[in-house]
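I have placed the structure first, in the form of structure tokens, so that the comments after it can refer back to it.
The values are calculated or read from the model by the stated rules, or taken from the named source; none is laboratory data. The structure displayed is predicted, hence computed values, not measured ones. In this analysis, Cβ positions are derived from the backbone assuming ideal geometry, glycine residues included, and neighbour counts consider all displayed protein chains.
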Amino acid sequence: MFDIAESFRIALRLVLSGDPELGHIVWLTLRVSIASAIIACAVALPIGAWVAVSRFRGRHAVVVAMNALLGLPSVVVGLVFYVLLSRAGPLGTFGILFTPRAIIVAQAFLVMPLVAALTRQFVEDAWLEYRDQLRSLGVTTRRAVPTLLWDVRLSLITVALAGLGRAASEVGAVMIVGGNVDGVTRVMTTAIALETSKGDLPLALALGLILLALVLALNAAAYALREWSARHG
Amino acid sequence: MASPAAFTLETKALGVVLGGRPVLEGINFYWDGATRIAVLGANGAGKTVLLRALHGLVEPTTGSILWNGSPDRAPPQAMVFQRPVLLRRSAAANVEYALAVGGVARAERRTRARAALAGVGLADIAGRPARVMSGGEQQRVALARAWATEPRVLFLDEPTSSLDPAAASEVERVMGGIHGAGTALLFSTHHLGFARRAADEVLFIHAGRVTERTPADRFFDAPRSAQAAQFLEGELP
């Protein structure tokens, strides 16, 4: 049996002493999560906004599909990308399986539905309010997309932070396509899974504490932004 | 007052059905912009839908709207809504946005936006975020935005309805300036005093139909339709 209090003490010491192994894992996690969140936003923000302002046949089906993608099982996404990126797979020539790039690709794919669905909701709400005014000014649908995205920009920062949180806390797909290679693709979540199964609870707990703090900080930032925007219009 | 704006607007048996309910029926209307028109009528009579249809925001279900004799020769026009819808940027940027959409060159936008905001008395706070301004200020930004695009025709849907008396009279003053600069005005309102002062003619709508069109100086004392008489009796103290 292990001593919980003792584990916490060691975990705190690891965090406070700036353990290099721990530092590397945290740094890699931040790097790949930020990169995947940026890619996901670049793709999903325009898609979400476009679906919000467009009226076409089958739009309802698209909206339902977008919302359904929110529940995409990450292990399945990992498996699909594993097959695609493996040597014999169609994208095997890139040779990025078991590298941080593979993690970025899989995470970006997992974050996209979240960003697209939330963006569609925010932009559509704004569009309902602005539609007549924008049409009166002669604004085309194509022009309305960037205008609306810019107008709900504060909400979109919240969306981006939510995407970053999802990327950082993702484990299933990252484990499969990254391979949890020590010093190369070991991120916080996969390290926690590994250390826990090995029984090295202090390191797992230290990583868990940092991950929690990170997610808390992201949510606090999102909350502060909402408060600020409510005061500043 | 205004130089005669060179356009004609004609509706022929205009009808609008929204959600299965007829909102406007058999509207025959001719206007050359020489007179300022106030559209009066009870809530739900169809005033807003009429303005939106004329402005092109609502498709006619039946009949036609002809500008200069054609469905697609509408002159430059703008509309000010009951509740102003401003973008989350400064008042000046809101006006400049409308000018950019209208294809005005970047260099010209700033000067025209500044002039329009000065015209509505907001030059000092042109840099402030539009969305945190008071209701009256927001409506004046909306007026400046419409004005800056130099429309031939300006539709205003109850522009003073949500404003206090001081803000309403400021809007009325600005409307006078816009009309004086040569823009034709057609507005709906519930404020009878405002209609009496700011309009040359009254178009009275009851249950989606025009019951009369009368010069403003006669309408308030001697309306010709029974519905208008009843309306005035109910509205006036």
Given the criteria of a type in the set (Gly, Ala, Ser) and closer than 25 Å to A:Met66 by Cα, does A:Ala88 qualify? no
Is it the case that B:Ser169 is touching a Lys or Arg at 6+ places or on another chain (Cβ under 6 Å) and away from chain A (no Cβ under 14 Å)? no
Any chance the range A:41-50 includes a residue that's surrounded by fewer than 18 Cβ atoms within 10 Å (Cβ to Cβ), under 19 Å from A:Gly178 (Cα atoms) and either in contact with a helix residue (DSSP H, G or I) (Cβ under 8 Å, 6 or more places away or on another chain) or within 14 Å of chain B (Cβ to nearest Cβ) (or both)? no
Any idea which of (1) more than 14 Å from every other protein chain (Cβ to nearest Cβ); (2) touching a residue at least 24 places away in the same chain (Cβ under 8 Å) is the one A:Ala213 doesn't satisfy? (2)
Name, by its number, the condition in (1) at pLDDT 95 or above; (2) crowded, with 22+ Cβ neighbours inside 10 Å; (3) touching a Gly at 6+ places or on another chain (Cβ under 9 Å) that does not hold for B:Pro84. (1)
Every listed condition ((1) surrounded by fewer than 19 Cβ atoms within 10 Å (Cβ to Cβ); (2) within 14 Å of another protein chain (Cβ to nearest Cβ)) holds for A:Ser86 save (2)
Looking only at the range B:62-89, count every residue that is within 13 Å of B:Asp157 (Cβ to Cβ) and either more than 14 Å from every other protein chain (Cβ to nearest Cβ) or among the acidic types (Asp, Glu) (or both) and tell me the total. 0
Restricting the search to the range B:49-61, which residues are under 12 Å from B:Thr189 (Cα atoms) and either at the interface with chain A (Cβ under 10 Å from one of its Cβ atoms) or surrounded by fewer than 19 Cβ atoms within 10 Å (Cβ to Cβ) (or both)? none
Within the range A:132-142, count every residue that is touching a residue at least 12 places away in the same chain (Cβ under 8 Å) and either within 12 Å of another protein chain (Cβ to nearest Cβ) or out of contact with any Ser or Thr (no Cβ under 7 Å at 6 or more places or on another chain) (or both). 1
What are the residue pairs meeting all of these: first residue in the range A:144-155, first residue at the interface with another protein chain (Cβ under 9 Å from one of its Cβ atoms) and on the phi < 0 side of the Ramachandran plot, second residue crowded, with 19+ Cβ neighbours inside 10 Å and part of a loop (DSSP other than H, G, I, E, B), Cβ atoms under 6 Å, and 6 or more apart or on different chains? A:Asp151/B:Leu87; A:Asp151/B:Arg88
Could you check the range A:164-185 and list, in sequence order, the residues that are touching a Ser or Thr at 6+ places or on another chain (Cβ under 8 Å) and buried (at least 20 other Cβ atoms within 10 Å of the Cβ)? A:Leu164, A:Ala167, A:Ala168, A:Glu170, A:Ala173, A:Val174, A:Met175, A:Gly178, A:Thr185
Could you check the range B:102-155 and list, in sequence order, the residues that are within 14 Å of chain A (Cβ to nearest Cβ), of a type in the set (Val, Ile, Thr) and either surrounded by fewer than 17 Cβ atoms within 10 Å (Cβ to Cβ) or closer than 29 Å to A:Arg231 by Cα (or both)? B:Ile125, B:Val132, B:Val141
All but one of (1) modelled with pLDDT under 95; (2) part of a strand (DSSP E or B) hold for B:Gly63, so report the exception by its number. (1)
So, of the residues in the range A:98-131 that are buried (at least 18 other Cβ atoms within 10 Å of the Cβ) and within 14 Å of chain B (Cβ to nearest Cβ), which turns out to be nearest to B:Trp147 (Cα to Cα)? A:Tyr130
Filter the strands (runs of 3 or more DSSP E) completely within the range B:1-58 down to those with at least 1 residues that are in the same structural domain as B:Ser188 (by TED's automatic domain parsing), closer than 18 Å to B:Gly69 by Cα and small (Gly, Ala, Ser). B:9-18
